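S.K.: Just dropping this structure here.
The values are calculated or read from the model by the stated rules, or taken from the named source; none is laboratory data. All values reported here derive from a predicted model rather than from experimental measurement. Here the Cβ positions follow ideal geometry from the backbone for every residue, glycine too, while neighbour counts run over all protein chains shown.
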Amino acid sequence: MKQPKPKPQRISFDYSPRAWQQECHARKERFRVFALHRRAGKTELGLIELIHEAAQSKAELSLFAYVAPFLKQAKAIAWARLKQRLEPLRRVERISINESELTVTFKHNKAVIRIIGADNPHALRGVRLDGVVMDEVAQMRPEVWTDIIQPALSDRKGWAIFIGTPNGINLFSELFHKARSLPDWYSARYTVQDTNSLDPDEVERLERDMAPSSFAREYLCDFSAAGDDQLIGLTDIEDAARRELLEDQYIWSPRVLGVDPARFGGDRSVIFPRQGLRAGKPVVIQGIDNMSLASRVAQEAKDWRADVIFVDAGAGAGVIDRLRQLGVDCVEVPFAGRPMDQQYKNKRAEMWFLLSQWLKSGSIPNNQDLKQDLGAPTYNFDALGKKMLESKDHIKARGLPSPDLGDALALTFAFPVSARTDLDRFREKNDKEGHEYDPLELV
């Protein structure tokens with residue numbers, strides 16, 4: 001007589017989720033973004049989600065991944081904890097572990113969980129993913145998600161969970177805010193007061209000993225709290241975008257145009273107007289040659305009656321030459337040139353620091369690209385103690401776009417400017433035409 005097949009033994013993983021973890025596990029949106037404070041238990045949340053989904057999967061050869069910014073970090077943080085969680089299954093031979101590949105395979109359905117580092121995301125190129133947990137997303141290049149992981153989820157409409165702690169403007173902040181407006185996305189924030197993960201006395205000590213902005217960022221998950229080396233905080237940027245000015249607060253000020261020509265194909269050429277405390281709407285153009293850009297600058301300056309035009313001398317040499325051929329005065333500004341104030345390393349650092357001070361009372365358009373550009377650069381000090389601004393190339397290497405709008409607005413602070421009177425304009429016009437002016441013609 002055939003013996004009945006024994007029922008599988010129920011395995012306990014000794015996991016008792018806190019209330020916030022239960023809420024996260026209960027969400028079923030395809031893409032979920034969770035902002036969590038340090039030591040909240042976010043990695044544990046991600047690993048349990050991967051184990052549950054892999055063990056329940058009915059798809060053929062399903063693959064799930066845990067991704068951290070660096071492979072060594074992923075191995076140190078998640079690999080040992082994943083094996084520890086799965087030890088009850090290993091003891092009864094329901095899983096196999098591959099140490100060299102950092103994979104766990106469930107024997108009953110062949111589902112695999114794999115540990116990956118975002119420093120080698122190409123390991124996921126060409127694979128089909130059923131689900132992924134991306135941990136410490138703020139430290140990852142955007143292409144890891146947009147160009148590699150997102151396409152890998154397409155075949156089976158796989159899911160993704162993004163977990164991390166806010167740290168300025170980056171992929172994580174972008175996804176967190178994006179998730180609030182899309183139907184298949186969800187985002188939530190859990191502060192140190194929400195999770196009960198740390199002893200109250202320790203929280204009190206941290207708040208006492210840490211800088212307010214650091215505590216707000218690391219433990220209150222405040223996306224608006226500036227990073228320690230972030231030049232312009234998100235709070236100042238958002239305040240400037242919401243600030244409304246009366247005309248008499250700026251109408252008497254000189255009209256300044258900042259022009260930042262594109263350096264490379266993916267960069268943007270930007271013409272930015274500013275009058276005193278009010279920054280106008282920027283003109284943003286891609287794929288335009290220097291001759292056409294110069295003509296557009298000349299027209300914008302004429303229509304707006306600009307008092308001065310500041311142009312980036314590095315990428316704008318052709319634009320400057322063409323403007324002068326057209327009879328349009330402009331001032332070339334070398335970003336690496338000498339600043340007026342010797343506390344700065346170069347002209348670009350000086351302009352951006354002046355811009356950061358102006359933002360505390362100035363008004364800018366509510367433009368998401370502009371706000372991202374303004375919050376992108378970090379700063380430090382050179383060996384002589386002079387203030388240095390993060391370069392465009394380094395910002396792009398972090399996965400953020402070139403801050404072209406920010407540079408164009410910063411150019412409007414290149415040098416002090418006085419507003420020209422109608423008499424000044426009339427004199428200039430007559431000087432260029434080669435005859436003396438008659439003040440009576442102004443009447």
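S.K.: In the stretch 266-296, how many are in a helix (DSSP H, G or I) and not charged (D, E, K, R)?
M.R.: Selection size over the stretch 266-296: 6.
S.K.: Just give me the residues in the stretch 178-202 being within 28 Å of the chain's Cα centre (by Cα), over 16 Å from E29 (Cα atoms) and not hydroxyl-bearing (S, T, Y), in sequence order.
M.R.: If the condition is that a residue be within 28 Å of the chain's Cα centre (by Cα), over 16 Å from E29 (Cα atoms) and not hydroxyl-bearing (S, T, Y), then V192, Q193, D194 are the ones that fit.
S.K.: Select from the stretch 347-374 the residues that are part of a loop (DSSP other than H, G, I, E, B) and either aliphatic (A, V, I, L, M) or free of Cβ contacts under 8 Å to residues at least 40 places away in the same chain (or both) and write down the one among them that is surrounded by the most Cβ atoms within 10 Å (Cβ to Cβ).
M.R.: Across the stretch 347-374, the extreme among qualifying residues is I364.
S.K.: If the requirement is being within 30 Å of Q325 (Cβ to Cβ), surrounded by fewer than 17 Cβ atoms within 10 Å (Cβ to Cβ) and among the polar types (S, T, N, Q), which of these qualifies: S214, S253?
M.R.: S253
S.K.: So which residues in the stretch 38-61 are buried (at least 19 other Cβ atoms within 10 Å of the Cβ) and under 24 Å from the mean Cα position of the chain (by Cα)?
M.R.: Listed by number, the residues that qualify are A40, K42, T43, G46.
S.K.: Here's a follow-up. Does the stretch 192-203 contain any residue that is among the β-branched types (V, I, T), within 30 Å of R278 (Cα to Cα) and not assigned by TED's automatic domain parsing to the domain that holds S363?
M.R.: Among the residues of the stretch 192-203, not one is among the β-branched types (V, I, T), within 30 Å of R278 (Cα to Cα) and not assigned by TED's automatic domain parsing to the domain that holds S363, which makes the answer no.
S.K.: Looking at D303, D289, D341, which one is within 26 Å of K396 (Cβ to Cβ), surrounded by fewer than 15 Cβ atoms within 10 Å (Cβ to Cβ) and without any contact (Cβ under 8 Å) to a residue 24 or more places away in the chain?
M.R.: D289
S.K.: OK, next. Quick check on the stretch 233-241. Is at least one of its residues modelled with pLDDT of 90 or more, part of a loop (DSSP other than H, G, I, E, B) and not aromatic (F, W, Y)?
M.R.: Within the stretch 233-241, not a single residue is modelled with pLDDT of 90 or more, part of a loop (DSSP other than H, G, I, E, B) and not aromatic (F, W, Y).
To keep it simple, each residue is scored yes or no on (1) assigned to a loop (DSSP other than H, G, I, E, B); (2) of a type in the set (A, V, I, L, M, F, W, C); (3) touching a residue at least 24 places away in the same chain (Cβ under 8 Å).
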site: K110; (1), (2), (3): yes, no, yes
site: R114; (1), (2), (3): no, no, yes
site: D119; (1), (2), (3): yes, no, yes
site: L129; (1), (2), (3): yes, yes, yes
site: V133; (1), (2), (3): no, yes, yes
site: K157; (1), (2), (3): yes, no, yes
site: I169; (1), (2), (3): yes, yes, yes
site: L175; (1), (2), (3): no, yes, yes
site: L198; (1), (2), (3): yes, yes, yes
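S.K.: Among the numbered conditions (1) more than 27 Å from Q193 (Cα to Cα); (2) surrounded by fewer than 16 Cβ atoms within 10 Å (Cβ to Cβ); (3) of a type outside the set (G, A, S), tell me where F64 comes up short.
M.R.: Going through (1) more than 27 Å from Q193 (Cα to Cα); (2) surrounded by fewer than 16 Cβ atoms within 10 Å (Cβ to Cβ); (3) of a type outside the set (G, A, S) one by one, F64 breaks only (2).
S.K.: Please go through the stretch 163-218 and give me each residue that is among the polar types (S, T, N, Q) and within 20 Å of P377 (Cα to Cα), ordered by number.
M.R.: T165, N167, N170, S173, S213, S214
S.K.: Please go through (1) closer than 24 Å to I395 by Cα; (2) among the aromatic types (F, W, Y); (3) not in a strand (DSSP E or B) for F215 and return the number of the only condition it doesn't satisfy.
M.R.: Single failed check for F215: (1).
S.K.: Restricting to the stretch 130-154, give me the number of residues that are modelled with pLDDT of 90 or more and of a type in the set (D, E, K, R).
M.R.: Residues that pass the stated criteria total 3.
S.K.: Can Y190 be described as surrounded by fewer than 21 Cβ atoms within 10 Å (Cβ to Cβ) and aromatic (F, W, Y)?
M.R.: no
S.K.: Just wondering, is there one or more residues in the stretch 160-167 that are modelled with pLDDT under 85 and not basic (K, R)?
M.R.: There is at least one residue in the stretch 160-167 that is modelled with pLDDT under 85 and not basic (K, R).
S.K.: A further question follows. Criterion first (more than 23 Å from the chain's Cα centre (by Cα) and not in a helix (DSSP H, G or I)) does G337 satisfy it?
M.R.: Yes, satisfied.
S.K.: Another question, if that's okay. Quick test of your reading of the structure: P401 fulfils all but one of (1) part of a helix (DSSP H, G or I); (2) under 24 Å from V297 (Cβ atoms); (3) at pLDDT below 85. Name the failing condition by number.
M.R.: Among (1) part of a helix (DSSP H, G or I); (2) under 24 Å from V297 (Cβ atoms); (3) at pLDDT below 85, the lone unmet condition for P401 is (1).
S.K.: Considering only the stretch 43-64, I want to know if a residue exists there that is at pLDDT 95 or above, part of a strand (DSSP E or B) and of a type outside the set (S, T, N, Q).
M.R.: yes
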